[in-house]
Amino acid sequence: MLIHKILGLSLGMILLSSAAFADTVSSAPTEPTSAQNIEAAQEGMHERSFDKEKMEKYRKERSEKFASRLNLTEEQRAKAKELHEKNRAEMKKIMDEINVLQEKAKALREQSKTEFEALLTDEQKETLKKIHEEHQDKMKHKRKHHFPHEKPMKPKED
């Protein structure tokens, strides 16, 4: 779970920094991002099926809105972009390390689960399955209660 939190925070930082410092066309304010574009981008993030073109458009719109709200000069925008690009490579290395650690953690969880289930009788395995299903139902209810506006996420594919 800690790895998931770290990954989530890191991805959030990357998205915010990308939005804040991405290349901008001009200093003139643009139309605000429509709710539909934001929802489509967020839906793409939830489904883990990124449309790079949509995401790039979304980032540029967010970046322009951010820069406009701060009333950044062209010089500030250029320096911000330079700063972002300087740090981007280092952030990518960190994210790659996190991905490797996540894969290791996932493999360890699977191994632990397999070893634990090997200790159980058939009856205990059935009880474990019921406990797992109850937990899934409880989590669905909690998620719906805390995030009623979200569309349901697709189940994980094993």
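The values are calculated or read from the model by the stated rules, or taken from the named source; none is laboratory data. Keep in mind that this is a model prediction, so the values were computed, not measured. Virtual Cβ from ideal backbone geometry, glycine too; neighbours counted across all protein chains shown.
The table below lists the values:
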| item | result |
| --- | --- |
| Residue ID - nearest to Lys106 (Cα to Cα), chosen from residues in the range 117-158 that are at pLDDT below 65 and acidic (Asp, Glu) | Asp158 |
| Members of the range 69-115 that are small (Gly, Ala, Ser), closer than 30 Å to Lys125 by Cα and either touching a Lys or Arg at 6+ places or on another chain (Cβ under 9 Å) or free of Cβ contacts under 8 Å to residues at least 60 places away in the same chain (or both) | Ala107, Ser112 |
| Boolean, Met95 is modelled with pLDDT under 90 and part of a helix (DSSP H, G or I) | no |
| Total residues in the range 116-134, condition surrounded by 10 or more Cβ atoms within 10 Å (Cβ to Cβ) and either outside any helix (DSSP H, G or I) or touching a residue at least 24 places away in the same chain (Cβ under 8 Å) (or both) | 1 |
